[in-house]
Every structure is written in C-alpha cells, then in structure tokens.
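A short worksheet on the structure shown next.
The values are calculated or read from the model by the stated rules, or taken from the named source; none is laboratory data. Only a predicted model underlies this, so the values are computations on that prediction, with no experimental measurement involved. Backbone-built Cβ (ideal geometry, glycine too); neighbour counts: all protein chains shown. Ligands, DNA and RNA are excluded from the accessible area calculation, which covers all protein heavy atoms including side chains. Shrake-Rupley method; radii C 1.70, N 1.55, O 1.52, S 1.80 Å.
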Amino acid sequence: MGWGGGWAPEPLSPQGWRDAEDAAHQALRAALDAGISTLDTADIYGHGRSEQALGLLLAAEPGLRESLRIQTKCGIRLGGSPLYGSTGGTGTTRYDSSARHLRTAVAGSLERLHTDHVDTLIIHRPDVLTDPAETVGAFLELKAAGAVGHLGLSNMGLAWVRRFDDALREASAGTETLACVQLELGLHARTLIESVVLANHPEAPPSGDTEGIVEFCTARGIELQAWGPLGRGRYTRPDPEPADARAAAEVGRVAEELDVPADVVVLAWLMRLPWGIRPVVGTIRPGRIAASATADQAARRMDADQWYRIWTAARGEPLP
Ligand SMILES: NC(=O)c1ccc[n+]([C@@H]2O[C@H](COP(=O)([O-])OP(=O)(O)OC[C@H]3O[C@@H](n4cnc5c(N)ncnc54)[C@H](OP(=O)(O)O)[C@@H]3O)[C@@H](O)[C@H]2O)c1
C-alpha cells in the first residue's frame, strides 16, 4: 500500500516517479532476498500508482513475474479518484462487486501491472447490493480467460464469507474454494482474538460478525491474512502515544528476551496464535522487511508467558 508515492490524488512529478520506483525496487529486493515472494496491492492504492510501481519493475526485469505471487483487490470505487480518468469517478465512495465492475477493474489492474494475470483477486469490501453469486460468476469467467487464479475476500464477516464460499463451490462444481480472507488483525486490532478468548464474559467485545470465522476458515482451508499487523508502528516507534506506552515497553522487554527487533515481536505475537495467520506487512523499509521474515521463527520461540504479558499490556488491564 505504501508503493507509488502515497495517497495524494495529484500525479507524481518525473522525480517523484523515479523515487517511487527506486523505493519499490529496494523493497522488492529486500523481500525476495528474505524469501518473501507474495505481494499484496489493490487497484485503489495510491490511485493506481501502487500497481503501476510494481508494473514498472515487472516490465524492467523479464522473468521476475514468474518468481512472484501477486494479489490485488477491487470492489471499492473511490469517490473522485483520478483512477477512473475524467469520466468514471463520482463524488461518493462506494463498493461495487458487480460483474461489470470486476471485468473493468481487472483489465485496469493487469494493464497497470504489466502482466497477463494476477494470482489472487480479493474483493476489498462487501457490496450489499450485489449477490455474491454474480461476483463469483464474473471471477470464474476471468479465471477461464487466464486473467486471475484464485478468489479472496477482505473485511467481511462470517455470513458473507460463507455466502461467497458456498456460491464459489456451487458454481465451480466443488473445484474452487476461497483462497484467503483478509482482516485487520494484530496487537492493536484484537476484537477477533478477544471475542474468542473472553467469551462468556461481560468484557467480550461485539465481534462485528467475525465470531466463528477462524474455525470456518480453518475447516474450509481458507488462509487468514492480517492487514495492519505492525499496528502501523504504534508499539515500536521511539515515541509511542501515552495509551500505548505500557504495551510498547512490554514489546521492548520481550524483544530483549528473544534478542530480536521490536517489530518482529509485534508480528510474532500474531503468528504465535495457532491459526495459521499470514501477516500482510506494510512497511517499505528494506531493514524492516528483512526482519519481518524472521517473525515465524520468533513466534516459535515466544512462550505463553511472553504472549500473555504483551496481550495484557495492550489491553491495559488484567485478564478476568
Ligand atoms: N484489506 C484491506 O482493507 C487493507 C487495508 C489496509 C492495508 N491492507 C494491506 O495490508 C498491508 C499492511 O497494512 P498497513 O500498512 O496498514 O499496516 P502495518 O503493516 O501495520 O504498518 C505499516 C506502516 O507502519 C509504519 N511503521 C511500521 N513500523 C514502524 C515503526 N517502528 N516506526 C514508524 N513507522 C512504522 C510503516 O512505515 P515504513 O514503511 O516507514 O516502515 C508503514 O507505513 C498494506 O500494505 C496493504 O497491502 C489491506
């Protein structure tokens, strides 16, 4: 999401593009060197510039595409975004998972990415006006044409995930299932975790229809992906907000105990859950990218006491 020079709607200057391409190049090299080869982007990130930055790297290096798995998203129409040129945008941001929008969005993504296919297409947010069966039908058409490999979802509750997966299985005669569900999840975004662990207690937070989603995804072989897994640095920056200071200090203590960087502890805390969570790491800094690739090892070394100490500090009060 950080590729392509940020979220400003104005076009980048030639120097801005050189900087964006250089930053993406360095981030990609760090990722590949560390053994990370799955990239997550979306049509709307940087109003198309995130995909374009990756596309520039793919165009410049023949053979690179084969070593990557690319997942992109569609389904959010950003009000007034230059992504749609002078005609396509309206002032209102809305969700659109219609077959027509899917076809247009995927064609745009492939063009920006300089590739003929994406490995996974993720529906970014639920569009209540479109029946998942329509979206699934369009996905299967795009798949038959070789433009997309798998279907994933993002920011959806259990009811929608079930509807999509049922529709996909039915329309594909059982040959296809959802590849992934992406949710905001981490030390700062604990609703899913707390609604499971604090069940039968007045402190259990409303789950926002995510209750049971872990078990559902596990049973159907759907990967759970966590966006925002670093908490955007709130527990690891040098000057945490007062509300985060206790958790930041505990993260720092565990980092010393495990002899790893604090960013790694934040990721390891998430990966220590026995749910097979894949963090979608949003840093563009080569050092942080390289470190993040060691988080699964750190998770295996994090003991339960360390995990509970971090969680309790982030909650700000002891467990019941
Ligand atoms: N499905 C969805 O709706 C959705 C929504 C949002 C994001 N995503 C995906 O998930 C990815 C990750 O999400 P995210 O970027 O929001 O979250 P993240 O991985 O938690 O945070 C990354 C951001 O935090 C900054 N950061 C990390 N550690 C820091 C530190 N110690 N000090 C200062 N800044 C620090 C990074 O800056 P540096 O680059 O400088 O390290 C970067 O801007 C995105 O790139 C995107 O692919 C999906």
Checklist line | Acute angle (nearest 10 degrees) that the helix 245-258 long axis makes with the longest principal axis of the chain, alpha-carbon atoms | finding: 80 degrees
Check: On average over all directions, what projected area in square nanometres does the stretch 1-144 have, based on the convex hull of its Cα atoms?
Finding: 8.9 nm²
Check: Taking amide H positions as placed 1.01 Å from N in the peptide plane, with prolines and chain starts having none, which residues 5 or more places from Arg278, or on another chain, fall under 5 Å of its amide H?
Finding: Leu224, Gln225, Ala226
Check: Probe 1.4 Å, all protein chains in place: accessible area of Met1 in Å², nearest 10?
Finding: 90 Å²
Check: Short version: what are the Cα gyration tensor semi-axes of the stretch 65-222, square root of 5 times each eigenvalue, largest first, in whole Å?
Finding: 29, 20, 15
Next item on the list: Distance between Cα centroids, the stretch 139-203 to the stretch 218-271: provide it in whole Å.
Entry: 23 Å
Note to self: If you take every residue apart from Ala189 with its C-beta less than 12 Å away from the C-beta of Ala189, what net charge results, scoring Lys and Arg +1 and Asp and Glu -1?
What the structure shows: +1
Check: Of Trp269, Trp160, which has the most accessible area with a 1.4 Å probe, and how do the rest follow in descending order?
Finding: Trp160, Trp269
Notebook entry, point to check: What angle do you read, to the nearest 10 degrees and between 0 and 90, between the alpha-carbon axis of helix 99-113 and the longest principal axis of the chain?
Noted result: 80 degrees
Item checked: Cα-Cα P(r), the stretch 140-210, percent of pairs per 5 Å interval -> 3, 15, 19, 19, 15, 11, 9, 7, 3, 1, 0
Margin query: Quick check for you: with a 1.4 Å probe and neighbouring chains kept, what is the accessible area per residue of the stretch 209-296, in Å²?
Written below: 49 Å²
Item checked: Volume of the Cα convex hull of the stretch 144-271, divided per residue and given in Å³ -> 145 Å³
Next item on the list: Report in % the part of the accessible area of the chain that belongs to carbon and sulfur, leaving out ligands and nucleic acids; probe 1.4 Å.
Entry: 52 percent
Margin query: With just the Cα atoms defining each centre, how far is the stretch 43-64 from the stretch 92-138? Give it in Å.
Written below: 18 Å
Check: From the square roots a ≥ b ≥ c of the eigenvalues of the alpha-carbon gyration tensor of the chain, which class results: rounded (a/c under 1.5), prolate (a/b over b/c), or oblate?
Finding: oblate
Notebook entry, point to check: Per residue, what accessible area does the stretch 74-193 have, given a 1.4 Å probe and all protein chains present, in Å²?
Noted result: 42 Å²
Margin query: Give me the one-decimal Kirkwood hydrodynamic radius in Å for the stretch 81-165, with the sum taken over alpha-carbon pairs.
Written below: 13.6 Å
Notebook entry, point to check: Using the Cα gyration tensor of the stretch 240-282, with a ≥ b ≥ c the square roots of its eigenvalues, what is the shape: rounded (a/c below 1.5), prolate (a/b larger than b/c) or oblate (neither)?
Noted result: prolate
Check: Extension gain Val197-Ser67, at 0.36 nm per residue separation less the Cα-Cα distance, in nm?
Finding: 42.9 nm
Next item on the list: Assign one of three labels to the stretch 201-320, namely rounded, prolate or oblate, based on the Cα gyration tensor with a ≥ b ≥ c the square roots of its eigenvalues; rounded applies when a/c is under 1.5, prolate when it is not and a/b is larger than b/c, and oblate otherwise.
Entry: oblate
Notebook entry, point to check: In deg cm²/dmol and to the nearest 500, what is the mean residue ellipticity at 222 nm of the chain if only DSSP H runs of at least 4 residues count, each as -39500 (n - 2.57), divided by the residue total?
Noted result: -13500 deg cm²/dmol
Notebook entry, point to check: For the stretch 229-236, in order, what is each residue's ³J(HN,Hα) by Karplus, 6.51 cos²θ - 1.76 cosθ + 1.60 with θ = phi - 60°, in whole Hz (x at glycine and Pro)?
Noted result: x, 8, x, 6, x, 5, 9, 10
Notebook entry, point to check: How big is the convex hull of the Cα atoms of the stretch 276-320, per residue, in Å³?
Noted result: 113 Å³
Checklist line | Probe 1.4 Å - accessible area at Arg190, Å² to nearest ten | finding: 40 Å²
Next item on the list: Output the antiparallel fraction of DSSP beta bridges having both residues in the chain, as a percent to the nearest 5.
Entry: 10 percent
